[in-house]
Structure formats: structure tokens, C-alpha cells
Amino acid sequence: MHQLPHHQSVVLFIQISRISTKMDLQTVAPMGSAAIAFGGPAVAVAGGISLLFLKSFLSQQPGNPNHLPSVPAVPGVPLLGNLLELKEKKPYKTFTKWAETYGPIYSIKTGASSMVVVNSNQLAKEAMVTRFDSISTRKLSKALQILTADKTMVAMSDYDDYHKTVKRNLLTSILGPAAQKRHRAHRDAMGDNLSRQLHVLAPNSPQEAINLRQIFQSELFTLAFKQTFGRDMESIYVGDLGTTMTRDEMFQILVVDPMMGAIEVDWRDFFPYLKWIPNAKLEEKIEQMYIRRKAVMKALIQEHRNRIESGENLDSYIDYLLSEAQPLTEKQLLMSLWEPIIETADTTMVTTEWAMYELSKHPNKQQRLYNEIRNVCGTSEKITEEKLCKMPYLSAVFHETLRVHSPVAIIPLRYVHENTELGGYHVPAGTELAVNIYGCNMEREIWENPEEWSPERFLAENEPNNMLKTMAFGAGKRVCAGAMQAMLLACVGIGRMVQEFEWRLKDDVEEDVNTLGLTTQKLNPMLAVIKPRN
Ligand code: HEM
């Protein structure tokens, strides 16, 4: 982006370039009438001349061969840019608000870096599909560099040979359609466990509220262990830390800590020229997370290496990686095995909890879903994955929840590594790119009353069963690898919970939609009251 020296020139530039690029002469006219009222025709003419001059000056900048205008910028303060306005850890909302004023694409300054933010479906697709070749790398914060072992995971790597190999491994062994078929028994066991636990708790409801998150997340962790290592792990002796760890402690170290660590803000990330100043406290905290995760993963890997050497082979990711896959280094093996654990345990839970929250808040919609389930399953059959294709309303509940409560609200930042264009604007190499999925899913031109949770909007007749109805799973070559698993688990989970119980929210928690964390987890777990249907 063009570096203009003073704050005022930036503001001037924004105002002028917005007018010059976003509006044709006719649409400028009403604004021109305001100019005339204040300063007469001379001001309007002078404005027009300086506007043309500035536009031609900008388009002659080096590295802008197509003479495209620069992306409109959101005004910020000197040095910090727009950082202060982003200090709360929910930038997707701020980005969406800015889109109302500055349009679906704008640029901001985060300290010394420039970031382009896109907030519309069309622009997001252009960025993730059409211009992918110029925007396929990542620039990670210091915390993420440590936690991803310097991009040694599919979701955070650049688009390179390593990414392609490990994504293929994941799809072949766990997440692709054939692998999902092989792991079916694990998902069925999860559904049965979930149901059993809810039936145990139901008699205490409403005196004791049900914390669905606790149960569902723990079941997902079990599933992740089964798919990754072949069986669940109740505890493990971690030699490097000299202690035996419970399942809950492993969950903390493998899932909770890294999720929180990933959003730790190190102010040096925004001012690379100050990198020499130490920030020991934060670095120490993240390093500790890294060391503890490594120790637990090492212990798990050793345990299963012993199992495999003793001749007990299971259909699991570690069995696959150690036998059939292209050999990996120890670091790559560790990160490959950790990645599906953290990815399984979080986003699917976030979606399911929000869906149950919305269904509890909307009894009529819950009833409509229950009627659909009754029509398909009768009074005695359980919901199974085969029946999902006969339940359009359940599918609509899933997609509408993803739209309103996208678990990944902003795609992990991409980095523009060569000059490109977006929406007719020039985007120079060195810019960071934020695709605001939440903003895309709130686009008024596409969604009527976008803030409203209304599954009915997905019930259009003859609509193919397309996983990409919203932008929630991303798009293009980096589209989510786990979309199928997430859909199967969430839909069967939601369906069974509504089939077997009537849900309502515990009193006084009706409008609790705050979020927390890297993904948009509900800030406070949903506390529900459930009543068995029969
Ligand atoms: C509702 C649940 C989920 C949502 C909303 C979701 C969302 C996303 C999004 C938006 C991306 C794209 C990131 C980008 O373009 O940079 C992504 C990537 C990815 N997701 Fe998911 N995800 C979900 C569940 C899962 C699950 C269950 C797994 C695995 C167990 C998983 C594994 C991955 C992987 C490996 C990538 C990286 C793909 C790549 O970079 O090529 N996701 N996910």
C-alpha cells in the first residue's frame, strides 16, 4: 500500500480514492451538491481536478502495472494505525461494522503492517480461488510460529509440497469419504455415549442445568484419540515431565492451552523493527505450552509405537503414518498427529453448542425439526447417518448455525507474496489478507435479515446438498479438510439430542451470545434444561 507520510493525507486519500473509485460521476453528484452549498462551484471543480491528479499519481506507483487504484483505507492514528480499535479479541465484529462505512474491501494498518480485509462472498472467492496463486502463504505471529512448530501443520503452512503431502495423509487416513466410512463405528459409539450421559443427567434437570459442552467436547476428544491412535486414553505417564497425566490434563495441554496461546498478542508482531526488544514473559509462556505439548505427544507416540511393535495394529493415523505414508521427521510426525486432535475437539463442538442454543431459544423451530425426525424415523428408530439425506430441515439448522456463528470467523491470515488485484484494486506484495467469514455471512445483498437465525432460508426447493452454502469452511485449495466429519458429527448429534429430549434454556440466559477465543466458542457454556420425550 502507498505509504503517505501524515495522518491527514491518509484521511484525504481515503476520502478521495473512495469517491474516485467506488462511484461514477452521476453518483458523485448528490455529494457534489453538498460541496456547492458550502463553497460554491469553484470548490467542486478544484476537488475534481485534485481527484484526477491523485488518481493518476497513485496509479503510476511502481509495482502497479495495471494502474489500478489502491484499496480504500480505514483512517487510523499515526504509528498504531487501527490497532487500538482492534484490541478486544473479536475483530470479526469490528471488521463487519467497518464494511458498512468503507465498503466490502478496505485496508487497515496494524502497526507497521498493512492488511486488506474482505467482507463479501464474491471478494472472498476471488481471494481464495481466482487470486490464490499470489495469496497462498502465511505470515505468522510469534506465538503461532512457536505453536505451529514453524508452520509444520496443514492449516497453518504455506501452500507447498509439505502441505500437499500432509493434507493427503489426513484425507486418506481420517477425513476423506473412504476413511470416514472406516471410522463409522467410532462416531456411532460417540452418539450412543452422548445419549446415555444425557439420560443419566435428565432426571436432575431442571434443578441441575446440563452443560452440553462438557459432555460433547469430551466425546470429541475420545473420537480424536480413537482416530489418531486407535483407542481412547484415560491417562498416560509423561516421562519428560516425570508425571502421570489424566485425560483432562491432556485435554488442557493438547487443546485448551494452544487455542488460548494462538491469540496471545505480542506487540512486537506489529512493529517488526522493534523485534530486538525482549518480551520474555510471553515467550516463556508460549514456550512452556510448546514443551508440555511436545512431552505429552511424545509419550502418546511412544506408547503406540510399542503397541505397533508388539504386533497390535489398529486402523489409526499413527499406524498409517508409520507404515504406509512417506516417512516424516519426528517433529513432522508429532505435529501431524496433534493436528487432527485439536481440530476435531473444537470447531464441531462450537457449531453443535450454538445449534442447540438456537433450537432451545426457538421452540417452534425445534418442534419443526422434531416433526421431521418423527416423519423419517417413526417412534422407534434412531437417527443414523444414512437418514441425513432425508432431513432437509436438520441440514438447514446446521448450515444456518454455521452462517450466524461461523466457528472460524476470520480465515487464518494469508500473506500476499506477489503483487495482485482484488475487486479491481491493486494489492501489493507484503500485504496481509484477512477474509472475514463472519462479514461474508452477514452480507445484506445475499442474506435477508442476516442477523436472524432462520434455518428456513436454506429450504429452497431442489437446492443441491452443497457443503459450501456459506463461507464457513473456506473455499478453494485450502478448503477445510474436516467438513464432512464436522457435518456428520454435528447433524447426527443435534438430531439425536432433539429426537430424545425437549430442550430449553435455563432461565435468565436468553440473550447470551458473547464469544471467546480463536474460534467463536460461546463465552459462557450453554446451560440447558432437558426433558425426555417419551
Ligand atoms: C464446523 C466445523 C469446522 C469449521 C467451520 C472449519 C472451518 C475451516 C476453515 C474456514 C478452514 C479454511 C482455512 C483457510 O482457508 O486457510 C479450515 C481448514 C482446515 N480444517 Fe476445518 N473446520 C471445521 C472442522 C474441521 C475438522 C473436524 C477438522 C479435522 C479433524 C478440520 C481440519 C481442517 C484442516 C486440516 C484445514 C486446513 C486445510 C488447508 O489448509 O488446506 N476442520 N477449516
| message | Consider the stretch 105-145. How many of its residues are assigned to a helix (DSSP H, G or I) and not acidic (Asp, Glu)? | response | 15
| message | I'd like the full set of residues that are more than 12 Å from the ligand (Cβ to nearest atom) and touching a helix residue (DSSP H, G or I) at 6+ places or on another chain (Cβ under 7 Å), limited to the stretch 149-173. | response | ALA149, THR152, THR172
| request: Hey, can you tell me all the residues within the stretch 306-331 that are under 25 Å from TYR162 (Cβ atoms) and of a type in the set (Gly, Ala, Ser)? | output: SER316, SER323, ALA325
| Quick one: in the stretch 174-189, which of the residues that are crowded, with 16+ Cβ neighbours inside 10 Å and over 18 Å from GLY474 (Cα atoms) is nearest to the ligand (Cβ to nearest atom)? | ILE174
| Every residue from the stretch 494-510 that is farther than 20 Å from THR344 by Cα and either in a loop (DSSP other than H, G, I, E, B) or of a type in the set (D, E, K, R) (or both) | GLU500, GLU502, ARG504, LYS506, ASP507, ASP508, VAL509, GLU510
| field | Members of the stretch 199-232 found to be closer than 20 Å to LYS506 by Cβ and surrounded by 21 or more Cβ atoms within 10 Å (Cβ to Cβ), listed by number | value | ILE210, LEU212, PHE216, GLN217
| note | Checked the stretch 316-349 for anything in a loop (DSSP other than H, G, I, E, B) and within 16 Å of the ligand (Cβ to nearest atom); matches are SER316, ALA325, LEU328, ASP346
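Coordinate-derived values only; no laboratory data. What you are looking at is a predicted structure, and each value in this text was computed from that prediction instead of being measured. Here the Cβ is made from the backbone with ideal geometry for all residues, glycine too, and neighbour counts use every protein chain on show.
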